[in-house]
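Written out below as structure tokens is the structure these notes cover.
Read the figures in this text as sums done on the coordinates, not as results from a lab. Predicted model, so just to flag it, every value in this text is computed and none were measured. When we count neighbours, we look across all protein chains shown, and the Cβ atoms used for this are built from the backbone with ideal geometry, even at glycine.
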Number of protein chains: 2
Amino acid sequence: MEEVIKKAADVTEKVCEWQPPEKLKALLDLELKDTGENHQKLLQFCRDVIKFSVKTNHPRFFNQLYAGIDYYSLAARFITEALNPSVYTYEVSPVFLLVEDAVLKKMIEFIGWEEGDGIFNPGGSVSNMYAMNLARYKYCPDIKEQGLSGMPRLVVLTSDECHYSVKKAASFLGIGTQNVYFIKSDERGKMIPEELEKQVLRARKEGSAPFFVSATAGTTVLGAFDPLDEIADICERYGLWLHVDASWGGSALLSRKHCRLLHGIHRANSVAWNPHKMLMAGIQCCALLVKDSSGLLKRCYSANASYLFQQDKFYDVSYDTGDKSIQCSRRADAFKFWMTWKALGTTGLEERVNRALALARYLVDEIKKREGFQLLLEPEYANICFWYIPPSLRNMEEGHEYWEKLHHVAPAIKERMMKKGSIMLGYQPHRGKVNFFRQVIISPKIYLVIPEIEPETLCMERAQYEL
Amino acid sequence: MEEVIKKAADVTEKVCEWQPPEKLKALLDLELKDTGENHQKLLQFCRDVIKFSVKTNHPRFFNQLYAGIDYYSLAARFITEALNPSVYTYEVSPVFLLVEDAVLKKMIEFIGWEEGDGIFNPGGSVSNMYAMNLARYKYCPDIKEQGLSGMPRLVVLTSDECHYSVKKAASFLGIGTQNVYFIKSDERGKMIPEELEKQVLRARKEGSAPFFVSATAGTTVLGAFDPLDEIADICERYGLWLHVDASWGGSALLSRKHCRLLHGIHRANSVAWNPHKMLMAGIQCCALLVKDSSGLLKRCYSANASYLFQQDKFYDVSYDTGDKSIQCSRRADAFKFWMTWKALGTTGLEERVNRALALARYLVDEIKKREGFQLLLEPEYANICFWYIPPSLRNMEEGHEYWEKLHHVAPAIKERMMKKGSIMLGYQPHRGKVNFFRQVIISPKIYLVIPEIEPETLCMERAQYEL
């Protein structure tokens, strides 16, 4: 615990101890044998596993849309691991079902619905799938029994900046990736409502059945928020289910200052929201929230297994909510978030969001001040996208050669940083733009760190990249 | 930890502290407020959560197909909770991806394949879905892009004793529950191969497209094993994908004595196997294993998101296996099982299986000896299904009234046991049989307990039920 919690979060330690795959395989004794190992050996395994694992709690881990550690959540996670519950029936998980219900209700309140329904899922991708299937069931309940063969071609609409899980969902659900119509977004990455309407009309003209719009509140790369209110107008006009993938951006709902980013979300039929990202609830903590409170979720998903969901129990079986899920055994993911919420209160969570966005602002200001750093665009949210321009490129004209060379900069810097263990930061090419870094600052440790480290190393190593 | 690990596993303590939902809600302060609570209050919440949670580690928890606690797995789970990894790319989860690979390879070895592929999923239900979608992709790769509209009606075949997730999968994947053909099973709950062949022919005659057979190795209620070898013959004859849902029964593969239950499993195209059940790896630990080693899993599932699965990384990106998944963030579920396997060796896991089945045998013998207990059928595996016949029914003729009255016995005894906190045991009606108990003995604590408690209380409370 010293190693994995304290040392891992120490800024003077490495964020990762890089080893290439083949070498790491040789270093770790991975093979599973006939006989067991002694405790000394097992402890050494644990130390090695910790040593060579990435410290996602480290203040310089900026590689994904999550970071940092919340000790209240962690305590709750230790409790659930030790109790080893499975959340399907009240008889087996009385506390965790009630806790899940309390958390869902509170999240629903922040969305702005008077009532609703929901379920915690293993990932925002899965929540998006649930929503798509639920919308399909609402559109045509017969599909549950009869399937899609012989049905009109269903069409899903989402922006070209959406998370890739929308495509995966369409494929998995038998709708097909070709039947995902990607709506153009503007230069900031926001879906263009007029383009959405055009595509709805196109789908109708083709004789297919548009039924589901997945808007994004906080896109993965740029952190853009689709204009929900205008999209909701179109959905209402054409009778389409509006789902909001707020896996990343949903947390802004807790901030009175920033909740306007999701203006109109109360008009959605369903929302995916992952407290394991900015709110640091721990992987995984992901809710699908549904506006319907007539039992649609249960009607859509239930299989009424008589060995598990007996109807002759001695308590109110409406508390046995597991049949709303595609899973059978299911983890008590709501509890860790409940514990954090209890500990910090809504105001503490709000502060967490405000701080992340203030730090993002700070980073933007620093990038603007410094030579060799160039913002990709003014951020709306916590995703700061930028290029580092090495000295050799600073005076070059921004032509083909420039971009070609710049494209190789981020991967090369990343390689150096990883091998040094100094910082972990994501990069990607995007929409015709060459490789750039994306930095997201979530960990509360960053506040403490800012004054103590040199400004040059706040966002990235003093880059000495020479092409 | 004293409360949740030591006390919870103490046979002299209660297995549950029953409270009805409304009362428990009032006892727990579930509401999430604006301001946080102090540490004293938070500790009290933890104590309450533990107090009112079911102790699945308690020696008298027989309610599900999992029980007990493995301390090695638990240590590993604490480590992963603290490291908070997400298993998609080697750069973020170097150790856990290699560990997953090592565990999958070893499981594949026990299935009897020379090579293969696989992935850990949040539940056996999800594994079954993966397999069904994978088989569909293999059957017609175009479905990934084009969807099912306009395609012939796909048909899934499984036994009438299968897990309900097969039906949920067919619904979720757009195949439709009506297109699941349930094959008759014999009186022991095993799929009848001749009936399977009949249904395949029927589906063909109807012009539909049978493509997937889901056999079960260890059914949920009766613990029956479908005759895999004979089913494989039929699948080969008709070119059908053979999936084996060995979520429950797969662990028998580790026992040289009992692996014959799964004779023929090496002929399957895919296998679902949950080490969180009999092998006690902790909820959840569920692998889908695939015989294909040509990359089918990746081709079927990949979406090639460029922000996550960059191709210009400085290491061998074939280690970035996350794109095989429908999830984006994914937990390191293989690690806890790896740790247990390392600690116990294959022989230790084998012993765990052998012990569970020896205890099942012991229970059967005891049931046969005692007045008022009646076996439903001779078990093949660890599921012991039986009725308790109260004195008032023992001399009654087995007619309508007898069964009608017996039907109410199990729920009534269960209610008493729950309220007393003495034992948790599942019951269900099944295939026209009135409510009976199903007991599964997994916890290694049971060995220690046997000599210390009165024989009458081993399997159930001294039942004083009078109708």
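Okay, here's what the table says:
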read-out: Amide H contacts under 5 Å for A:W241, placed H, 5+ residues apart; value: A:F212, A:V213
read-out: Shape call, region B:221-355: gyration tensor on alpha carbons, a/c limit 1.5; value: oblate
read-out: Neighbour-count ranking [beta-carbon atoms within 10 angstrom, fewest first] of B:M151, A:M339, A:M396; value: A:M396, B:M151, A:M339
read-out: Rg/Rh (Cα only; Kirkwood hydrodynamic radius) as it applies to region B:86-331; value: 0.97
read-out: Dipole axis of the protein assembly as shown (+1 Lys, Arg; -1 Asp, Glu on Cβ), positive-most option in B:V54, B:H408, A:L375; value: B:V54
read-out: Copies compared at B:E378 - label distances in nm, ascending, label defined 7 Å from Cα in the Cβ direction; value: 8.1
read-out: Within chain B: Cβ-based charge dipole about Cα centre, in debye rounded to nearest 20 (Lys, Arg +1; Asp, Glu -1); value: 280
read-out: Axis-nearest residue in chain A [Cβ, rotation onto B], distance in whole Å; value: A:G174, 1
read-out: All Cα pairs of region A:346-448, percent lying beyond 18 Å; value: 54
read-out: Which of B:E197, B:E415, B:E161 has the fewest Cβ neighbours within 10 Å, and the rest in rising order; value: B:E415, B:E197, B:E161
read-out: Other copies of B:R361: label-to-label distances in nm, shortest first, labels 7 Å along the beta-carbon direction; value: 7.2
read-out: Shape parameters for the protein assembly as shown, alpha-carbon atoms, Rg then Dmax in Å; value: 27.5, 100
read-out: Value of relative contact order over chain B, rounded to a whole percent, pairs C-alpha under 8 Å and six or more apart; value: 20
read-out: Three-way shape call for chain A based on the alpha-carbon gyration tensor, with the a/c threshold at 1.5; value: oblate
read-out: P(r) weight above 14 Å for region A:56-140, C-alpha pairs, percent; value: 78
read-out: Computed [θ] at 222 nm, helices only, for chain A once each DSSP H run of length n ≥ 4 contributes -39500 (n - 2.57); value: -12000 deg cm²/dmol
read-out: Antiparallel DSSP beta bridges within chain B, as percent of all bridges there, nearest 5; value: 50
read-out: Antiparallel bridges, percent of DSSP beta bridges restricted to the protein assembly as shown (to nearest 5); value: 50
read-out: Using θ = phi - 60° and Karplus 6.51 cos²θ - 1.76 cosθ + 1.60, couplings along region A:150-164 (whole Hz; Gly, Pro as x); value: x, 8, x, 5, 7, 10, 9, 10, 7, 7, 6, 9, 5, 5, 5
read-out: About the Cα centre, charge dipole magnitude for region A:86-331 (Lys/Arg +1, Asp/Glu -1 at Cβ), debye; value: 400
read-out: At 7 Å out from Cα toward Cβ: B:E109 inter-copy label distances (nm, ascending); value: 5.4
read-out: In sequence order, calculated HN-Hα J values of region B:115-122 (Karplus, 6.51, -1.76, 1.60; Hz; x Gly/Pro); value: 9, x, 8, x, 7, 8, 10, x
read-out: Alpha-carbon radius of gyration plus Dmax, which is the widest Cα pair, for region B:26-168 in Å; value: 21.9, 63
read-out: Given charges at beta-carbon only (K, R positive; D, E negative), |dipole| of the protein assembly as shown in Debye; value: 100
read-out: Residue-by-residue Karplus 3J(HN,Hα) for region A:300-314, coefficients 6.51, -1.76, 1.60, Hz, glycine and proline x; value: 5, 9, 5, 10, 6, 4, 6, 7, 10, 10, 4, 9, 9, 6, 8
read-out: Sequence of B:L262, A:L228 once ranked by neighbouring C-beta atoms within 10 Å, starting from the fewest; value: A:L228, B:L262
read-out: Pairs beyond 20 Å (Cα-Cα), from B:K144/B:K205; A:K313/B:K51; A:K336/B:K324; A:K106/B:K51; A:K7/A:K51; B:K190/B:K445; value: B:K144/B:K205; A:K313/B:K51; A:K336/B:K324; A:K106/B:K51; B:K190/B:K445
